[in-house]
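The values are calculated or read from the model by the stated rules, or taken from the named source; none is laboratory data. Bear in mind the structure is a predicted one, so any value in this text is a computation, not a measurement. No Cβ is skipped: glycine too gets one built from the backbone with ideal geometry, and neighbour counts run over all protein chains shown.
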Amino acid sequence: MSAVTNLAPQRAARIATELVELIELQKLAPGDKLPPERQLADLLEVSRPSLREALHILQAQGLVQIKHGQGTFVQEPLVAQELRASMMSKTHGLNELFDAREVLEVPASKWAAQKATKEDIRLLRATLNQIDTVTATLPIDYIQLQTLDAKFHLTIVGIAGNRFINQTLNVLQDVMKMSMETTLRLPGRSDISRSEHNVILAAIENGDGELASKLTLQHITGARATALADAKKKDNN
């Protein structure tokens, strides 16, 4: 076996990694179509046969779907598909939903504090300003409030740049939607949430990862307690 043959799998794996980085850089979501093969090959400066081999690696990993005659499409990773299937197949308790948020969001806040750019901070602050506007307008549009609240948290997770967590963002969004469904409507909860968001942002802006993760944990713990208390109240009625 020649040295060239030995290097072929390594080259394909390297190209596959570059493709994943390209997908993340262009913020392509599941269902989005990748550029044509010729364009991708030129962009990555590789041969089309090597590119095809890399695409087949990503397809085997569940990261893309190759549709003959149509092109290559970004696919939700298998781990995310399994998480989503689990969520759809059985009713998850509130504790499980908040456990999932803790596992993903607490470390993400620490990493975001280490990586956040001025533009990231501007985007987070803009989201909090939008939340202020929604809560100041009566009657409060709770659907929009929930969307913006989730956007704030998901933006932090995105800034963290952890590839595994980014691959589960869509599932995390569903988890957050389910865990926030009623809590933001409870008296005083939206004000507490806004205050906690502001101190989390301040910690991230100051680059204090330990504080950011601590404040995020406190925020999720408070939301959990509120949600569980409300669920118990409803069960007793």
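Going by what's in this entry, would ALA108 be described as modelled with pLDDT of 90 or more and among the small types (Gly, Ala, Ser)?
Working: modelled with pLDDT of 90 or more: yes; among the small types (Gly, Ala, Ser): yes.
Judged against the criteria, ALA108 is a match.
Count, please, the residues in the stretch 124-145 that happen to be assigned to a helix (DSSP H, G or I), free of Cβ contacts under 8 Å to residues at least 60 places away in the same chain and closer than 21 Å to LEU201 by Cβ.
9
Identify all residues within the stretch 146-164 that are hydrophobic (A, V, I, L, M, F, W, C) and either in a loop (DSSP other than H, G, I, E, B) or under 26 Å from LEU63 (Cβ atoms) (or both); write none if there are none. Spell out how you get there, then give the answer.
The initial filter retains those residues of the stretch 146-164 that are hydrophobic (A, V, I, L, M, F, W, C), namely 148, 150, 152, 154, 156-157, 159-160, 164.
ALA150, LEU154, ILE156, VAL157, ILE159, ALA160, PHE164, listed by residue number.
So, LEU63, is that one touching a residue at least 24 places away in the same chain (Cβ under 8 Å), closer than 30 Å to VAL157 by Cβ and over 25 Å from the mean Cα position of the chain (by Cα) or not?
Numbers: touching a residue at least 24 places away in the same chain (Cβ under 8 Å): yes; closer than 30 Å to VAL157 by Cβ: yes; over 25 Å from the mean Cα position of the chain (by Cα): no.
No, not satisfied.
Specify which of the listed residues (ILE140, ILE121, ILE57) is in contact with an Asp or Glu (Cβ under 8 Å, 6 or more places away or on another chain) and at pLDDT 85 or above.
Numbers: ILE140 fails: in contact with an Asp or Glu (Cβ under 8 Å, 6 or more places away or on another chain); ILE57 fails: in contact with an Asp or Glu (Cβ under 8 Å, 6 or more places away or on another chain).
After ruling out the rest, the residue left standing is ILE121.
Taking the condition of being among the β-branched types (Val, Ile, Thr) and under 20 Å from the mean Cα position of the chain (by Cα), how many residues in the stretch 182-220 meet it?
Just the residues of the stretch 182-220 that are among the β-branched types (Val, Ile, Thr), to begin with: 182-183, 192, 199-200, 204, 216, 220.
Those left that are additionally under 20 Å from the mean Cα position of the chain (by Cα): 200, 204, 216, 220.
Selection size over the stretch 182-220: 4.
Residue by residue, here is whether (1) buried (at least 16 other Cβ atoms within 10 Å of the Cβ); (2) at pLDDT 95 or above holds:
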| position | (1), (2) |
| --- | --- |
| GLY161 | no, no |
| VAL171 | yes, no |
| ASP191 | no, no |
| ALA203 | yes, yes |
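Being modelled with pLDDT under 90 and of a type in the set (Lys, Arg) is the requirement here; does ARG101 meet it?
Details: modelled with pLDDT under 90: yes; of a type in the set (Lys, Arg): yes.
For ARG101, the condition - modelled with pLDDT under 90 and of a type in the set (Lys, Arg) - is met.
Residues in the stretch 197-214: is at least one hydroxyl-bearing (Ser, Thr, Tyr), in the same structural domain as LEU97 (by TED's automatic domain parsing) and out of contact with any Pro (no Cβ under 7 Å at 6 or more places or on another chain)?
First, pick out the residues of the stretch 197-214 that are hydroxyl-bearing (Ser, Thr, Tyr): 213.
With the extra rule that they be in the same structural domain as LEU97 (by TED's automatic domain parsing), the set shrinks to 213.
Those left that are additionally out of contact with any Pro (no Cβ under 7 Å at 6 or more places or on another chain): none.
For the stretch 197-214, residues hydroxyl-bearing (Ser, Thr, Tyr), in the same structural domain as LEU97 (by TED's automatic domain parsing) and out of contact with any Pro (no Cβ under 7 Å at 6 or more places or on another chain): absent.
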